[in-house]
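Quick notes on the structure that follows.
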Amino acid sequence: MDRSRQVIPLEQLGATVARVVRETPVVDMHTHLYSEQFGAIGLWGLDELINYHYLIAEIFRFSPISYQEFWSMDTPRQAEAIWKSLFEQNSPLSEATRGILTVLQQLGLDASQPDLQTFRDYFRQQNRRDYTDKVFKLANVKSVVMTNDPFDPVERAVWMKAPELDPRFRAVLRLDPLLLKWGETHQELSSWGYAVEPGLGGQTLAEVRRFLEDWVKRMRPVYMAVSLPPDFRFPDPSVRSQFIAHCVLPVCREHGLPFSMMIGVRKLVNPALRLAGDSLGPADMSVVERLCGEFPENRFLVSMLARENQHALCVAARKFRNLMPFGCWWFMNNPSIIEEITRERFELLGTSFIPQHSDARVLDQLLYKWPHSRAIISKVLAEKYAGLVQTGWALTEADVRRDVKKLFEDNFMAWISGAPNPLLQSTLP
């Protein structure tokens with residue numbers, strides 16, 4: 001008898017769901033990771049992990065060190081200052097500091113003896129290729145989606161060589177410089193042979209479309225993406241709105257690519273913190289609804305940075321089948337908030353959403369962000385299944401495996417497949 005087809009007893013439900021969630025590989029649909037071919041911008045290792053901007057922001061809450069003193073240090077000395085302040089002089093209770101300890105635990109290191117030098121010795125013995133294999137296996141990650149900026153000179157140089165990438169790393173065409181900094185980027189496009197003007201005159205719109213077409217051909221991205229501020233409006237007289245309506249969305253339609261919008265970032269509210277200096281704000285959900293309604297042939301991936309927007313995003317997804325909510329990123333990536341948002345999404349959307357992505361900027365972060373998120377998803381999913389079982393619904397392990405595979409892989413793979421109605425697809429082969 002196929003045990004997966006047997007009804008799960010209520011008393012075994014939590015353990016069964018937790019096991020299935022642990023065993024199911026995930027496609028991590030948004031990261032800032034890079035394959036080995038991109039060289040040094042592909043961050044990995046202990047010092048990079050400790051120097052993550054989450055922890056940089058924290059050190060200034062506990063240490064009297066000045067911004068100038070901190071930024072004058074090299075990476076190893078910065079890591080030592082963070083370690084001393086956040087791990088030796090204080091208990092590492094924040095999600096970001098706990099994450100470091102989870103990484104060490106996942107790698108088999110003894111976190112009860114927090115000696116930075118011993119941990120560094122372990123990482124010095126690793127090489128990037130084998131370590132990548134180890135991290136993917138331990139995190140049970142099948143593949144990751146990068147964030148690729150054609151305006152970044154280091155990335156651009158790699159892409160222009162038409163590299164053969166590690167197939168586990170898939171590309172995304174990131175559009176922030178194009179949509180948010182046109183006053184600067186039009187000069188670069190012009191220098192690359194595109195006949196653009198500072199405004200929208202002449203051939204500018206056609207040439208921006210040509211630029212996007214060229215990079216779709218070069219990168220073969222799975223979607224296009226942009227991070228947007230809370231005051232994002234559409235339509236409005238801005239160059240950004242014109243580019244979205246007349247360049248980005250038409251090219252997405254032509255190539256069957258979703259357009260991902262991560263909305264709610266307020267850049268550099270404290271410039272002295274550099275990458276750690278960004279904040280957030282609630283956005284106007286009617287803008288997302290307007291885009292979904294006016295462009296029904298486009299598919300949108302949307303994640304909101306402010307907690308205040310999460311309910312409205314779920315409601316919008318109930319109204320527009322071309323809208324896919326995804327993830328709990330950046331300031332939302334805390335257990336209490338992930339649990340709340342995941343529960344809300346199940347209650348409003350069933351399994352028709354993507355519960356999480358790692359947003360990892362350092363390879364090693366896969367080793368904590370996914371175990372932490374899996375534990376929360378398991379807890380909430382088991383609670384929702386228990387409600388079904390208590391009504392008399394017969395739930396099997398095969399049902400659970402189908403649902404978790406949708407959440408961790410199939411919903412995203414269907415969304416990027418170009419299918420007219422991806423949510424109508426069953427489990428992909």
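The values are calculated or read from the model by the stated rules, or taken from the named source; none is laboratory data. Treat the numbers as computed from the prediction; the structure is a model and nothing was measured. Here Cβ is always computed from backbone atoms with ideal geometry, including for glycine, and neighbour counts include all displayed protein chains.
Observations on the model:
- Applying a threshold of 6 Å to beta carbon distances and a minimum spacing of six or more residues, or different chains, the list of pairs starting in the stretch 134-157 at a residue that is under 15 Å from LEU366 (Cβ atoms) and ending at one that is surrounded by fewer than 17 Cβ atoms within 10 Å (Cβ to Cβ) and not acidic (Asp, Glu) reads ASN140/PRO25; LYS142/PRO25; SER143/ARG168.
- Single residue of the stretch 266-314 satisfying the filter (hydrophobic (A, V, I, L, M, F, W, C) and loosely packed, with under 15 Cβ neighbours inside 10 Å) that is nearest to MET413 (Cα to Cα): LEU275
- Check on ILE341, of a type in the set (Val, Ile, Thr), surrounded by 19 or more Cβ atoms within 10 Å (Cβ to Cβ) and either under 20 Å from LEU323 (Cβ atoms) or touching a His at 6+ places or on another chain (Cβ under 6 Å) (or both): yes
- In this structure, VAL362 does not qualify as in contact with a Ser or Thr (Cβ under 9 Å, 6 or more places away or on another chain), crowded, with 21+ Cβ neighbours inside 10 Å and of a type in the set (Val, Ile, Thr).
- Complete set of residues in the stretch 236-286 that are polar (S, T, N, Q) and within 26 Å of GLY199 (Cβ to Cβ): SER238, SER241, GLN242
- Test for ASN333: is it in the same structural domain as LEU33 (by TED's automatic domain parsing) and either within 19 Å of ASP28 (Cα to Cα) or of a type in the set (Lys, Arg) (or both): yes
- Any hit, the stretch 76-91, residues being in contact with a helix residue (DSSP H, G or I) (Cβ under 9 Å, 6 or more places away or on another chain) and in contact (Cβ under 8 Å) with a residue 60 or more places away in the chain: no
- Exactly one residue among LYS142, LYS161, LYS137 is surrounded by fewer than 16 Cβ atoms within 10 Å (Cβ to Cβ), at pLDDT 95 or above and part of a loop (DSSP other than H, G, I, E, B), and that residue is LYS161.
- Complete set of residues in the stretch 28-46 that are among the β-branched types (Val, Ile, Thr) and surrounded by fewer than 21 Cβ atoms within 10 Å (Cβ to Cβ): ILE41
- Residue pairs whose Cβ atoms lie under 6 Å apart, sitting 6 or more positions apart in sequence or on different chains, and linking a residue in the stretch 226-245 that is among the polar types (S, T, N, Q) to a partner that is in a loop (DSSP other than H, G, I, E, B), are SER241/PHE234; SER241/PRO235; GLN242/LEU200.
- The selection criterion, being surrounded by 14 or more Cβ atoms within 10 Å (Cβ to Cβ), of a type outside the set (Ser, Thr, Tyr) and under 16 Å from PRO221 (Cβ atoms), holds for CYS247.
- Among the conditions (1) within 13 Å of the chain's Cα centre (by Cα); (2) assigned to a loop (DSSP other than H, G, I, E, B), LYS369 misses just one, which is (2).
- Residues within the stretch 92-115 that are touching a Leu at 6+ places or on another chain (Cβ under 7 Å) and without any contact (Cβ under 8 Å) to a residue 12 or more places away in the chain, tallied: 2
- Counting the residues of the stretch 211-252 that are in contact with a Phe, Trp or Tyr (Cβ under 7 Å, 6 or more places away or on another chain) and basic (Lys, Arg) gives 1.
- Residues that are within 27 Å of ARG129 (Cβ to Cβ), of a type in the set (D, E, K, R) and in contact with a Phe, Trp or Tyr (Cβ under 9 Å, 6 or more places away or on another chain) number at least 2 in none of the helices (runs of 4 or more DSSP H) confined to the stretch 40-102.
- From the list SER35, SER63, the one residue that fits, being touching a strand residue (DSSP E or B) at 6+ places or on another chain (Cβ under 6 Å), at pLDDT 95 or above and polar (S, T, N, Q), is SER35.
- For the stretch 178-210, a residue qualifies if it is crowded, with 17+ Cβ neighbours inside 10 Å and touching a residue at least 24 places away in the same chain (Cβ under 8 Å), and the qualifying residues are LEU178, LEU179, LEU180, TRP182, THR185, GLU188, LEU205, VAL208, ARG209.
- Members of the stretch 392-412 found to be surrounded by fewer than 18 Cβ atoms within 10 Å (Cβ to Cβ) and closer than 15 Å to GLU11 by Cα, listed by number: GLY392, TRP393, ALA394, THR396
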